[in-house]
């Protein structure tokens, strides 16, 4: 690979932890300026306490919808694999990428083989079974919410419960292990937030969470090889396509990805969406009045608005160009999904929450290409089921002020107070 050349950094800060500690609206002001004035810009490496490296290279920021899509769909030129450093802004050890990121940090042909094997376990019968489980889980979660005293933290009581319950039941995690798994998954995306670090070390937080999830996966995969059940782990240990099967280590890496990414997509989207509906009562009224007709476009707007995953990084495998600018082999480009979802070249009034958008080509599940989110159907099913329960049974739910997660990977809400009446 060629060495990244020296060039001046853009004057706008999008690399420091202080920048990522701001609210999404405050960060968007900076991205709006970049989209308008410098849609391709060069920035210092992300500030990090994981593996600080004074010689780390900078990165090219891709902030427009078009550039995010173009790079996402050209996986030959812009790689995600471990040998290129994976997909996080920060550098992490290669063995951690192997253990934690699964198919996210793979390129062809390995990515294609593993994704094909994983996809094979989601048969039509299993998908129907999962959808039925989700509908029942959403109903029971709202039962529990209404059984309380009329106030709750929406994240803890609702948003965090559904995805982890779905994943746990789907994959076969025993009830007594579910909270431990959920805590470990949360720590792996909150490693640079004071609530998760405390007085500890960010790398230790990541490693402890990873060890907890791998241990749970190894125990469950060993059990299912001896005692098969009607769950996803049994399907994974038995899966084989064209002679390719998954090792226990590969299953554990996918288990981590499922627990982390599968959890946060729905958790954060539902938290952002309930906040947006509260702040836009006309939109809430539209959805409530004609739920069945409007929930499908509403879910797409929920995901666009939330943009639960903020960034992924790619690395150029060869010299290329973006917008006439030479991108050297080995240089990093970072896809800023939240910015792409606010691009007024694609979305009319992008800063308006509008559940009736007829065209909504958001990049909330990625910009297309081989890494398009494998669980997008599952996330949409969860959102439909949850908001059907909330809007029909807790119509007077009122939302307070959010507490934001610090980080450049997940657009997170840590806490979100809500109040409500008795419901029905």
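Quick one: residue 322 ticks every box in (1) free of Cβ contacts under 8 Å to residues at least 40 places away in the same chain; (2) touching a strand residue (DSSP E or B) at 6+ places or on another chain (Cβ under 9 Å) bar one, so which box is it?
The single condition residue 322 does not satisfy is (1).
Looking only at the range 143-169, how many residues end up being part of a helix (DSSP H, G or I), touching a residue at least 60 places away in the same chain (Cβ under 8 Å) and buried (at least 20 other Cβ atoms within 10 Å of the Cβ)?
10
Of the residues 304, 294, which is in contact with a strand residue (DSSP E or B) (Cβ under 7 Å, 6 or more places away or on another chain), touching a residue at least 60 places away in the same chain (Cβ under 8 Å), closer than 27 Å to residue 158 by Cα and in a helix (DSSP H, G or I)?
304
Under 22 Å from the mean Cα position of the chain (by Cα), at negative phi and assigned to a helix (DSSP H, G or I): does that describe residue 221?
Criteria not met by residue 221.
Residues are listed down the side, and each one gets a yes or a no for (1) touching a helix residue (DSSP H, G or I) at 6+ places or on another chain (Cβ under 9 Å); (2) buried (at least 22 other Cβ atoms within 10 Å of the Cβ); (3) on the phi > 0 side of the Ramachandran plot; (4) in contact (Cβ under 8 Å) with a residue 60 or more places away in the chain:
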site	(1), (2), (3), (4)
65	yes, yes, no, yes
76	no, no, no, yes
80	yes, yes, no, yes
83	yes, no, no, no
88	yes, yes, no, yes
96	yes, no, no, yes
99	yes, no, no, yes
106	yes, yes, no, no
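Restricted to the range 325-341, and to residues that are more than 18 Å from residue 85 (Cβ to Cβ) and in contact (Cβ under 8 Å) with a residue 40 or more places away in the chain, which residue is surrounded by the most Cβ atoms within 10 Å (Cβ to Cβ)?
Checking each candidate, the answer is 340.
For the range 28-39, check the following and say yes or no: at least one residue is part of a loop (DSSP other than H, G, I, E, B) and over 23 Å from residue 118 (Cα atoms).
So far as the range 28-39 goes, yes, one or more of its residues are part of a loop (DSSP other than H, G, I, E, B) and over 23 Å from residue 118 (Cα atoms).
Out of the residues in the range 269-291 that are in contact with a strand residue (DSSP E or B) (Cβ under 8 Å, 6 or more places away or on another chain) and surrounded by fewer than 22 Cβ atoms within 10 Å (Cβ to Cβ), state the one that is nearest to residue 403 (Cα to Cα).
275
The numbers here are math on the coordinates, done by the rules we state, and not lab data. A quick note: this is a predicted structure, and the numbers were derived from the prediction, not measured. Quick reminder, even Gly has a Cβ in these numbers, built from the backbone with ideal geometry, and neighbours come from all protein chains shown.
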